[in-house]
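Right, one structure below, let's go through it.
The values are calculated or read from the model by the stated rules, or taken from the named source; none is laboratory data. It should be emphasised that the depicted structure is a prediction, and the values quoted were computed from it without experimental measurement. As a convention, Cβ positions derive from the backbone with ideal geometry for all residues, glycine included, and neighbour counts pool all protein chains shown.
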Amino acid sequence: MLRYITSRVAIAALMAVLATLVIFLIANTVPGDPVLTQLGDLAASNPDYVARFRAKWGLDLPLWEQYWVFLRGIVHGDLGMSIASQRPVLDDILQYAPATIELSTIAFALSLLIGIPLGILAAVRRDSWIDHVARLVSLIGVSSPTFWLAFIMLAIFYGGLQIAPGPGRLDPIAFPPPTVTGLFLVDSALVGDWDTFWDAAAHLVLPSIVLAAATLGLITRTTRASMLESLQQEYVRVARAKGLRETMIVTGHVLPNALIPVVTLGGLAYANLLTGAVMTETIFSWPGLGRYTFQSAVSLDFPAIMGITLMVAVVYLVINLLIDFSYALLDPRVVRR
Amino acid sequence: MTDATFQAVPTAVVQPVPSSRARRVWRRYGLAGVGAAIICIWLLVALAAPLLSPYAPDAVDVVNRLQPPSTAHWFGTDALGRDVLARLLYGSRISLFTGTVVVLLSAVFGTVLGGIAAYAGGKIEEVIMRITDLVLCFPPIILAMAIAAALGIGITNTIIAMLVVWWPKFARLARSLVIVQRSREYVEAAHVVGFGPGRVLMRHIIPNAIGPLIVLVTLDVGNAIITFAGLSFLGLGVVPPTAEWGAMVSEGRELVEQWWVATFPGLAILTVVLGFNFLGDGIRDWLDPKARRR
Amino acid sequence: MIFRSVRRRAFLIATAIGAVLAALPSASDAAAPRNTLVIGVDTSDTITLDPARMSQYTPPMTLKAAYETLVTMDPGDYVNVKPQLATKWERTADGKGYRFTLRDGVKFASGDVMTAEDVKFSLDRVLNLKDQPAQYIAHVDRIEVVDPKTVDVILKDPSQPLLTILAAPAFSIYEKKIVAQHGGISDSSAKDADKATQWLDQNSAGTGPYKIAGWERNATIQLVKNPNYWRGQPGFERVVIRHIGDSAAQLLAVRRGDVDVAFNLIPEQIATLKDNPEIVVQREPSLDFVYMAVTQEPEFNPALAKKQARQAIGYAIDYDGIRDALVGGSAIRPVSFLPIGTNGSTEQLTREIGFRQDLDKAKQLLAEAGLPDGFSFELSYGNASIVGVSYQLLAQKIQSDLARAGIKANLNPMDQVNLRTQFTTNKSPGGVLTFWNPPAVENQLWASATVERVARRVHWQPPQEVKDVVSRAAAETDLQKQAQLWRQYQEAMVDNANLVILFQPIYQVAVRKRVAGFQLTGAGWMADFSAAKPVQ
């Protein structure tokens, strides 16, 4: 078992690093020079300036050496300096991560809160109108392009009805609570700043609905299918024969088993959300990792790009590992294969 | 953008609804039928766009910019005075084309790779699966932007960028399907009789595995359409002034008061993708033996 | 069913919260209404607030509030420099530099009096840090303190302009004692040894009406009043510059009074404020412009190598349509690379010698060039917007205009990095849509750029006469004669048709009526709020 774990972890680490290598190579085939966007017009045409700037960012080293510097840095927890913001990439990521974590977690919780009950009811009342409604809701959620849904939400609830606050995590002139976790809900509650708490909560409503829409569909369908599968099992018939109440059977026996695949797919969906939803964050001016990813990609900010790639790879691989481990724990046959 | 490829829907147990013939037909073919109908309509629109479109899609007329929907312009005009409906109709060509091309190509590539992995087993399988994992943990946006920066913007290059990240899911599915099939008795029997691996693959494994693959392909076209529109929204994708739905939403993004610029293209995407999702769901229900009842 | 009403209830609670929030004044701005000036602007380009490293667009506004320069430019007058920290200036006896007489009674925010030592320290530091601003005073040889109230700036090349450049916030004067205390070095070892930037990012040691109290990246810049300001008490206790990246959010904020000023509204949004009783839209012509640079390298595009082909482009574009429809009417258009408002560039001149839409003339020029059926070229641009107009939209408009003359522009959107790289390394194969904003208000900087580095980018070798005109104009002190020379220069630019100016924006900024004295400027620091105060 231990060998299994260590070998999987080792492979995962290797893959994360490989991912950064691939991105590094691709990004370096781009003919553009990120330095030139950071310099004013005169400086950009001055070869001395350009050379000096490149030397400062280590961009004049041969490719393999640049990558080696990056690898060495990782070991020390240093992901390099972002060319665009001119401060450590790790600082950037730590600054933007809480915003994404807060949003994704709320969105995910929302999709679970709605999706699981909906899926259960759809399974238990199969082919009834509720089943159809559930199916429609999940299909629409999955079929809507996020960027469009975000726009529609803003247009209707913010622009039209004016009942929702605008883009951003807080009102434009509000000040964030003192940073403890970076999660505004938590931080404001910790100091009892309820104004800010409700402000942050109100700003979370629309973007989390948008993000939850697609995940909702997934959760509902998975729960429904899994419930239906479990309801087929022998032990359900036995329990019924024994005379147990239907609700008891469903909640006490079927549900825990049915939720396993939901956890799997849900975990992956959460990972997806965590690594930043570019569209939603862009439209809602959410200062999170998705937007940071996009801006770094657009400005060819190599250190930032590699830092983000590493982080995304790590998140996915970790979650994959956790899921696989949970299988291994539940089913020893997995290990041997 | 994940997708669930679980085996579908066993027989319900709790409240069977008495069924008339109409109900049975609906239940069996209804969803798929609606989906197919939607797709057919859009296909026709895409093919007949020049005939249906009241204006040319790139007829710039700045004097009439940002006009609300009216009898002259059913869906209004955009920031350069171009007719939104015309651009919508022409945009269907891009979306349908790119969605299907990406999915079909990556399905073929991924399936072959996954099939090889499963059939060969051992080291080869391990390597292929690790490559699959590697590709899956890329942030797709960064990859797409890097490729766009290296190769330039445009439909072809964006399709290439998408292909790079799109094939793994098919590889994984194909592999798991082939593994399941491979251990079936009829395959062993075929070996015993003396059929070569190729023949077994072609004649036995593929026909049995193809069902879920078709489901995934159908469902995935919707995803691909959304993804391509998303990339266009972010500034990759098509070269202007080509009409494309994602690009149209992007142009209307700031224009909350002139809602028609961004709303209609998004609705178009929604309906097309719904069509594919209905069809895919319907096929899945239809294919699942446990769902065929009464 | 249960879950649906959960969802509905959740949203109702949320909307109730939203409604309550909108009604309640939030705890943080209880004192804001009267004594704090809140400015809403996109500050995402801010990476430092150290004047000697200044090279971005938005930070100068903060710098001009915290610091002052020897001379300055009044809004609207971009020809004559005005006294600020220096009251008098003249050429030195040997003609090699300028002697500045410093103003009496100017104190830094710390209370100490400003002397020539501080001036020397500040300017030396810029020169020796060798960051981007240093390039613009590269022709300065040394700074000499004559006495505590007099400073000499000696030039290597006395014919090069200096005064207009010194008005830029990068050449702010700060207090030697304090900056040195925090690691500031002004001698030749500054480049590697100076450590003051970190402190200067969060504080200031200047003579301006406010002092920097803190900067949170992409969030706020906080300023508090400088009680020792030499012109008297500033109008506000605090100034908060809030980063609001989204123009719709800025619109809402200024409407609700959450911010007093909104800088980045797009024309469609400005139009909605026309009849708002609480807001006035201030307009100020900027000195920035959007232009198209067209190459003449025959290897890239043989058609464009012909002068008449390029001129045809200049005569085919619907400038008025761009101005009225895309920019909401809020723009002017100079002849060439000298923005309107500077010496030698006026709207009248554009009507006389500048490009204008004339399709017949364009077709005639094409025929002269031997291209009666037109030609095609690649038009590149980046993924950005200026005053709410995206380059993408502008490019498509230009494409359709040119098509009417038979010229086919193939649009090539690029990411900023590739675009800038291609452009600045002289590899652009066709036309490029880009933006120019002045590092300092000095004609010579623009004009010389066009005959040097920008000329290289479009593969033009300007004839010596043109270069001579530029040098003579830059050295000419008589404004009339100078204007005449600039006219000659601009005629040459129009004739060679490598640079087609599309529009020079008139910035429209929404200012709430409770604030008086908020002054916009096109001189490079966006606004001057030294005289701003709440209306009683």
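Scan the range C:393-410 for residues that are surrounded by fewer than 19 Cβ atoms within 10 Å (Cβ to Cβ) and farther than 13 Å from C:GLY374 by Cα and jot them down. Of everything in the range C:393-410, just one residue is surrounded by fewer than 19 Cβ atoms within 10 Å (Cβ to Cβ) and farther than 13 Å from C:GLY374 by Cα, namely C:ASN410.
Among the hydrophobic types (A, V, I, L, M, F, W, C), crowded, with 21+ Cβ neighbours inside 10 Å, within 25 Å of the chain's Cα centre (by Cα) and closer than 30 Å to C:ARG231 by Cβ, is that true of C:VAL451? Taking the combined requirement at face value, the residue does not satisfy it. Taken together, the criteria place C:SER400 among residues that are part of a helix (DSSP H, G or I) and of a type in the set (Gly, Ala, Ser).
Considering only the range C:412-432, I want to know if a residue exists there that is in a loop (DSSP other than H, G, I, E, B) and more than 14 Å from chain A (Cβ to nearest Cβ). Yes, because at least one residue in the range C:412-432 is in a loop (DSSP other than H, G, I, E, B) and more than 14 Å from chain A (Cβ to nearest Cβ). Look at the range B:218-244: where a residue is within 14 Å of chain C (Cβ to nearest Cβ) and a partner is small (Gly, Ala, Ser) and outside any helix (DSSP H, G or I), sitting 6+ places away or on another chain with Cβ atoms under 8 Å, you get B:LEU231/B:GLY237; B:VAL238/B:GLY154; B:VAL239/B:GLY154; B:GLU244/B:GLY237.
Results for (1) in contact (Cβ under 8 Å) with a residue 24 or more places away in the chain; (2) in a helix (DSSP H, G or I), shown as yes or no for each residue.
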| position | (1), (2) |
| --- | --- |
| C:ARG142 | no, no |
| C:VAL145 | yes, no |
| C:ASP157 | no, no |
| C:THR164 | yes, yes |
| C:ASP187 | yes, no |
| C:GLN198 | no, yes |
| C:GLY206 | yes, no |
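If you go through the range A:283-308 and pick out every residue that is buried (at least 24 other Cβ atoms within 10 Å of the Cβ), in contact (Cβ under 8 Å) with a residue 24 or more places away in the chain and not aromatic (Phe, Trp, Tyr), you end up with 14. Which number in (1) in contact (Cβ under 8 Å) with a residue 24 or more places away in the chain; (2) more than 12 Å from chain C (Cβ to nearest Cβ) marks the one condition that A:ALA51 misses? Single failed check for A:ALA51: (1).
Inspection of the range C:111-123 finds a residue satisfying the criterion of being in a strand (DSSP E or B) and either more than 14 Å from every other protein chain (Cβ to nearest Cβ) or touching a residue at least 24 places away in the same chain (Cβ under 8 Å) (or both). Within the range A:179-199, being farther than 15 Å from A:ILE163 by Cβ and either facing chain C (nearest Cβ under 10 Å) or assigned to a loop (DSSP other than H, G, I, E, B) (or both) holds for A:THR179, A:VAL180, A:THR181, A:GLY182, A:LEU183, A:VAL191, A:GLY192, A:ASP193, A:TRP194, A:ASP195, A:THR196, A:PHE197. Test A:ALA84 against the stated conditions and say whether it is within 13 Å of another protein chain (Cβ to nearest Cβ), aliphatic (A, V, I, L, M) and either touching a residue at least 60 places away in the same chain (Cβ under 8 Å) or surrounded by fewer than 15 Cβ atoms within 10 Å (Cβ to Cβ) (or both). For A:ALA84, the condition - within 13 Å of another protein chain (Cβ to nearest Cβ), aliphatic (A, V, I, L, M) and either touching a residue at least 60 places away in the same chain (Cβ under 8 Å) or surrounded by fewer than 15 Cβ atoms within 10 Å (Cβ to Cβ) (or both) - is met.
Does C:LYS361 satisfy the condition of being over 15 Å from C:LEU433 (Cα atoms), in contact with a helix residue (DSSP H, G or I) (Cβ under 6 Å, 6 or more places away or on another chain) and at pLDDT 90 or above? Taking the combined requirement at face value, the residue satisfies it.
Here is a yes/no grid of residues against (1) in a strand (DSSP E or B); (2) under 23 Å from C:GLY341 (Cα atoms):
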| position | (1), (2) |
| --- | --- |
| C:LYS64 | no, yes |
| C:LYS88 | yes, no |
| C:PHE100 | yes, no |
| C:GLY105 | no, no |
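State all residues of the range B:160-172 that are among the aliphatic types (A, V, I, L, M) and either surrounded by 22 or more Cβ atoms within 10 Å (Cβ to Cβ) or modelled with pLDDT under 85 (or both); if no residue qualifies, say none. Of everything in the range B:160-172, those that are among the aliphatic types (A, V, I, L, M) and either surrounded by 22 or more Cβ atoms within 10 Å (Cβ to Cβ) or modelled with pLDDT under 85 (or both) turn out to be B:ALA161, B:MET162, B:ALA171. Residue under question is A:LEU90, and the condition is that it be within 14 Å of chain C (Cβ to nearest Cβ), surrounded by fewer than 21 Cβ atoms within 10 Å (Cβ to Cβ) and either under 23 Å from the mean Cα position of the chain (by Cα) or of a type in the set (A, V, I, L, M, F, W, C) (or both); does it hold? For A:LEU90, the condition - within 14 Å of chain C (Cβ to nearest Cβ), surrounded by fewer than 21 Cβ atoms within 10 Å (Cβ to Cβ) and either under 23 Å from the mean Cα position of the chain (by Cα) or of a type in the set (A, V, I, L, M, F, W, C) (or both) - is not met. If you check A:LEU103, A:LEU110, A:LEU121 for being assigned to a helix (DSSP H, G or I), out of contact with any strand residue (DSSP E or B) (no Cβ under 7 Å at 6 or more places or on another chain), in contact (Cβ under 8 Å) with a residue 12 or more places away in the chain and crowded, with 24+ Cβ neighbours inside 10 Å, only one passes: A:LEU103. Please verify whether C:ARG255 is farther than 30 Å from C:ILE407 by Cβ and either buried (at least 23 other Cβ atoms within 10 Å of the Cβ) or more than 22 Å from the chain's Cα centre (by Cα) (or both), treating the condition exactly as stated. Yes: the conditions hold for C:ARG255.
Checked against the criteria, C:ALA449 counts as in a helix (DSSP H, G or I) and within 17 Å of A:ASP41 (Cα to Cα). Within the set A:PRO167, A:PRO172, A:PRO145, the sole residue that is buried (at least 23 other Cβ atoms within 10 Å of the Cβ), under 30 Å from C:ILE221 (Cβ atoms) and within 14 Å of chain B (Cβ to nearest Cβ) turns out to be A:PRO167.
Of all residues in the range A:240-277, those satisfying the criterion of being among the small types (Gly, Ala, Ser) and surrounded by 19 or more Cβ atoms within 10 Å (Cβ to Cβ) are A:ALA258, A:GLY266, A:ALA269, A:ALA271, A:GLY276, A:ALA277.
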